[in-house]
1. How would TRP209, TRP201 line up from fewest to most surrounding beta-carbon atoms within 10 angstrom?
2. Given contacts defined as C-alpha pairs under 8 Å and at least six residues apart, what's the relative contact order of the chain, whole-number percent?
3. Sort LYS247, LYS55, LYS124 so that the residue with the fewest other Cβ atoms within 10 Å of its own Cβ comes first and the one with the most comes last.
4. Consider just the alpha-carbon atoms of region 26-102 and return their Rg together with their Dmax, both in angstrom.
5. Grab every C-alpha pair in region 111-249, bin the distances at 5 angstrom width from 0 up to the longest one, and report whole percents.
6. Quick query: amide H of ARG190 versus all other amide H atoms, modeled in the peptide plane; which residues come in under 5 Å with a sequence gap of 5 or more or a different chain?
7. Based only on other Cβ atoms within 10 Å, what is the fewest-to-most ordering of HIS196, HIS107?
8. Just MET72, MET133, MET91 to compare: in a GNM of the chain, with alpha carbon springs under 10 Å, which one fluctuates most?
Amino acid sequence: MSQAAASTSKWDAADYARVGAFVAELGGAALDLLDPKPGERILDVGCGEGALTRKIAERGATVLGIDNSPEMIAAARASGVDALLLAAEDMQFFAEFDAAFSNAALHWVLEREQAARAIFRALKPGCRFAGEMGGEGNLRKLREALDEELVIRGYVPPTEASNWYASPEQFAAVYESAGFGEIDVRLIERPTPIEHGVAEWVTTFRRGWLDRAGVPQADRAEIATAVADRVGSNVADYVRLRFIMRKPA
């Protein structure tokens, strides 16, 4: 999963590479929508450990990844990716890129208006931004199961959201306000089998949530197993929001 992000997102790069490899594998459709061309300079917003950043480079583009996770940036650089430790909302690029891309990252960026403006500034006039993120209803069943288990065990789930799972209308409004036009945004239901199981998904992808709920490390495996039992399958109820737009010429 690519990771731009909120302060609530905390990652173990090795766990992510093992448990979360499916995120990049399923990002191929968004990459095809971007359609990187040889010689283009492309910005990958929330590059994570760089799996899709490398695929962009393989198509002949020059690509810079940014991410606000030190662990992810270290992993990306170790694999040969040109990457900066930088939050999406803090970017200060000005008309430097022929295209921008983001996969499974923008739903972690709670400063969404600021990030949208930063991406807009980074692009040359007439250039495109394409990608995918969690959309409205994403992981509702899994998230509810986790919070139910936390309450049963005496923990208080965080009251503030750690993700922005937008509807197409909400997403388009933010990016129109930033200046983008020709916005095409669609919600796609994509139930996804989790190879390593829901329990490992919980301890990897909801690490920051468990931190905020004050769950000790020693209790997390048991809670994760209970969540998996409650869900009853290893299929995660992913809903994706896929988009492409353009900065006016």
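Just so it is clear, none of the values below were taken in a lab; they were calculated from the coordinates. In this text the structure is predicted, and so the values were computed from the model without any measurement. For neighbour counting, all protein chains shown are included, and Cβ atoms are generated from backbone atoms with ideal geometry for every residue, glycine included.
1. Values: TRP209 22, TRP201 25.
Ordered from fewest to most neighbouring Cβ atoms within 10 Å, TRP209, TRP201 come out as TRP209, TRP201.
2. Relative contact order for the chain comes out at 23 percent.
3. Numbers: LYS247 23, LYS55 17, LYS124 14.
Ordered from fewest to most neighbouring Cβ atoms within 10 Å, LYS247, LYS55, LYS124 come out as LYS124, LYS55, LYS247.
4. When restricted to Cα atoms, region 26-102 yields Rg and Dmax of 11.4, 31 Å.
5. The calculated distribution, bin by bin, is 2, 10, 17, 17, 14, 12, 11, 9, 5, 2, 0, 0.
6. TYR238, VAL239, ARG240
7. HIS196, HIS107
8. Looking only at MET72, MET133, MET91, the largest GNM fluctuation is found for MET91.
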